[in-house]
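Read the structure below first, then the notes.
The values are calculated or read from the model by the stated rules, or taken from the named source; none is laboratory data. Just so you know, these numbers come straight off a predicted model, no measurement behind them. FYI the Cβ positions are ideal-geometry reconstructions off the backbone, even for glycines, and counts take in every protein chain you see. Protein only, heavy atoms only, side chains kept; ligands, DNA and RNA dropped before computing areas. Shrake-Rupley method; radii C 1.70, N 1.55, O 1.52, S 1.80 Å.
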Amino acid sequence: LTQPIQKAMHLTGEQHGDPNHGVSAFLGILEDMWDLDFLKSNGFRVVKEIDVSKEIMSQTRQNTPVDCRIHSGFPPADKFTHCKVVYMTNPFSYKSLKAQKPKEFIIPAKWLREASLKIIEEKLGGHISLSLHQRHHNWGNKEAHGSKFLCRGSLKNIFTTNIGTEYRAAVDKWTDDKDARHKMLEMTQLSCAVNYEEAKQVVNYWNQEMPPRFFLASDREEKDRFESMVNNGGVAITQEDYENLPQINEALEKHLSFGFDCKEKYCANKKKFLQLTGVFLDMWGMTLGKFFMGGYYSTMSDTVCFWRGWNRMNASNICFLPYRLSHKWVRPGIDIAG
């Protein structure tokens, strides 16, 4: 069952300061921008919201009996035989392997994958030795947290916060050497809000050469940092590369045809679908690099790691970490790191 497009989220405040958080979190699922056939071919049952009765879709935590709610884990099915509807409080928060597994099989639609490959091959000549993700998280408070980049300040840094716990645990398993441990954590955190010189440090740390040209996926929140990449060989997808794809208008038309009440759900326009297309093209483009430099504290890098697959987890600075690929522990980067 695909989730309904959300109008808003209740999460607010300094720590959750992403201005886009939850506004259009599930846009594209109903509009054929995801490959649901691929998901179904790997054993998952999928039912679209628009094909489900209003009675089920109107179900909420509040109007579901307590003994028919799942808060965590996956209880035995026989506990719920008396329930008309079983309500999962938040299936996306579960850490178990059963919850994580679908990430391997939720990929963009074929037309998006093909468009990404074609655009990048035309720009880079077919060989993509490095794909790089530049994510800034620039809604931190420099005075209060030490950095305007959330992932480098006191709230989310890798050395002292809860977010960094699994990274620190991973490095502890990799080495007992205090200096080597600190260096690996330093190079992991440096991958967040990265500029060109910092990216070069990270890539070199993993015994890779910074190529003269590479694929760049950037949120472009920091003009100077984005330009530092472009001026040193970073090749990015622009709206001009894809704005005439006919499937974008088709997705918009399908979205409008559902007749959602825009007071209850997020209703998108052409600008939003163009933006979303660009994000999908960037994300799939990051799977194409021989080596992937992802960003610390980035759910997008997380997803790209799943799409790249287990067999390429070590061809990355980030994908081997338990936080990225939980329940698939291997010795991190043992064949790559110096």
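Just a few scattered comments:
- Amide H within-cut-off set for Phe291, under 5 Å, with H built and near neighbours excluded: Leu130, Ser131
- Translational diffusion of region 135-200, µm² s⁻¹ [Kirkwood Rh, Cα pairs; Stokes-Einstein; 4 °C; 1.567 mPa s]: 105 µm²/s
- Per-residue HN-Hα couplings for region 267-280 [Karplus 6.51, -1.76, 1.60; θ = phi - 60°; Hz; x = Gly/Pro]: 10, 9, 10, 4, 4, 5, 5, 5, 4, 5, 4, x, 5, 5
- Fraction of accessible area attributable to carbon and sulfur, region 113-190 (%, probe 1.4 Å): 46 percent
- R0 of 41 Å, Cβ-Cβ distance Thr160-Lys223: FRET efficiency to nearest 0.05: 0.85
- Cβ-Cβ FRET estimate between Thr175 and Lys200, R0 fixed at 25 Å, reported to 0.05: 0.60
- Highest mean packing comes first when the peptides 281-291, 145-155, 61-71 are listed by Cβ atoms within 10 Å, giving 281-291, 145-155, 61-71.
- Accessible surface, region 137-282, averaged per residue in Å² (probe 1.4 Å): 52 Å²
- ³J(HN,Hα), Karplus 6.51/-1.76/1.60, whole Hz, each residue of region 300-308, x for Gly, Pro: 5, 4, 3, 5, 4, 4, 5, 5, 5
- Cα-projected label distance for Gln62 with Asn269, points at 7 Å along beta-carbon direction, nm: 3.2 nm
- Cys83/Arg213 FRET efficiency (R0 56 Å; Cβ-Cβ; nearest 0.05): 0.50
- Packing-based ranking of 204-213, 28-37 yields 28-37, 204-213, ordered from highest to lowest mean Cβ neighbour count within 10 Å.
- Entries of Lys48/Lys118; Lys118/Lys156; Lys54/Lys263; Lys110/Lys200 with Cα pairs more than 26 Å apart: Lys48/Lys118; Lys118/Lys156; Lys110/Lys200
- Separation in nanometres of the label points that stand 7 Å from Cα toward Cβ, at Val47 and Leu256: 3.1 nm
- Highest average packing first - 299-311, 185-197, Cβ atoms within 10 Å: 185-197, 299-311
- Gain on full stretching of the segment that runs from His71 to Arg312 - 0.36 nm per residue minus C-alpha separation: 83.4 nm
- A cut-off of 5 Å between modelled amide H atoms, ignoring neighbours fewer than 5 places along the same chain, links Trp34 with Ala109.
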